[in-house]
Amino acid sequence: MTDTQKILSEFDEETLLRLIRMAKREEESQKKKEDANPNFIQVSKQSLPSVSFLAAENGLAAGIYFFLTERMTAHNAVACSYQVFQDYFGASKSSVYSAVKLLKERNFFSIAKMGNTNVYHLNSKIVWQRGNNERKFAEFSATVVLTESEQEKYNIAKKSMIKLNAIKSTGDKQDE
């Protein structure tokens, strides 16, 4: 009889099953920790030449890409307007437009529209934050970045909606 067999023979069947379940839970917990990357962004080694070339060719495009990468959600998404890039980098609208166009053409990200705001979904073959096994899934929750002027417009619109809802709920009619 081996040492392992001797040790195992000292436990009843119920205790052995409990120990096995505990070991499996511990193994699953460890696997989840290994798959999770809460404070890290991973970069594909194969994409580094493209990122390096981008930085040498167009500094604004590289800056915008890293700005988005830093702020992306765990699902690789960020929503913000061109105005955010203009204010942050002190760049003109046409320079921002050209930089964003270059990034999109080179597949650094795809763009979806949300009103007048772009939602940038960064290419998970280049950068990602979640576990490697989750790169193939796309979710579009996003961090929304607003400039100070956009925040003011948002707050005015929000106050107007609250006022409108208050009028509707009380049944009062506006003067025509």
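The values are calculated or read from the model by the stated rules, or taken from the named source; none is laboratory data. These figures come from a predicted structure and were not determined experimentally. Here the Cβ is made from the backbone with ideal geometry for all residues, glycine too, and neighbour counts use every protein chain on show.
For the range 19-55, give me the residue count where each residue is of a type outside the set (Phe, Trp, Tyr) and modelled with pLDDT of 80 or more.
Just the residues of the range 19-55 that are of a type outside the set (Phe, Trp, Tyr), to begin with: 19-39, 41-52, 54-55.
Right, trim to modelled with pLDDT of 80 or more and you get 20-28, 41-52, 54-55.
Total meeting the criteria: 23.
Are any of the residues in the range 111-132 within 27 Å of residue 149 (Cα to Cα), assigned to a helix (DSSP H, G or I) and either at pLDDT 95 or above or not small (Gly, Ala, Ser) (or both)?
There is no residue in the range 111-132 that is within 27 Å of residue 149 (Cα to Cα), assigned to a helix (DSSP H, G or I) and either at pLDDT 95 or above or not small (Gly, Ala, Ser) (or both).
Can you work out which of the residues in the range 38-52 that are more than 14 Å from residue 99 (Cα to Cα) and either in contact with a Gly (Cβ under 9 Å, 6 or more places away or on another chain) or among the hydrophobic types (A, V, I, L, M, F, W, C) (or both) is surrounded by the fewest Cβ atoms within 10 Å (Cβ to Cβ)?
40
Just name the residue that is nearest to residue 127 (Cα to Cα) out of those in the range 5-16 that are modelled with pLDDT of 70 or more and assigned to a helix (DSSP H, G or I).
Per the stated criteria, the residue is 16.
Mind checking which residues of the range 88-97 are surrounded by 15 or more Cβ atoms within 10 Å (Cβ to Cβ) and not aliphatic (A, V, I, L, M)?
Of the range 88-97, the ones surrounded by 15 or more Cβ atoms within 10 Å (Cβ to Cβ) are 88-89, 91, 95-96.
Hits for the range 88-97 are 88, 89, 95.
Could you list, in sequence order, the residues of the range 17-53 that are in contact with a helix residue (DSSP H, G or I) (Cβ under 7 Å, 6 or more places away or on another chain) and farther than 15 Å from residue 120 by Cβ? Walk me through it before giving the result.
Filtering the range 17-53 for residues in contact with a helix residue (DSSP H, G or I) (Cβ under 7 Å, 6 or more places away or on another chain) gives 35, 41.
35, the sole residue that qualifies.
Residue by residue, here is whether (1) among the basic types (Lys, Arg); (2) farther than 17 Å from residue 118 by Cα; (3) in a helix (DSSP H, G or I); (4) within 21 Å of the chain's Cα centre (by Cα) holds:
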| position | (1), (2), (3), (4) |
| --- | --- |
| 47 | no, yes, yes, yes |
| 51 | no, yes, yes, yes |
| 56 | no, yes, yes, no |
| 62 | no, yes, yes, yes |
| 68 | no, no, yes, yes |
| 73 | no, no, no, yes |
| 79 | no, no, no, yes |
| 86 | no, no, yes, no |
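Report the residue count in the range 94-116 for those that are free of Cβ contacts under 8 Å to residues at least 40 places away in the same chain, under 19 Å from residue 57 (Cα atoms) and among the basic types (Lys, Arg).
Result for the range 94-116: 2.
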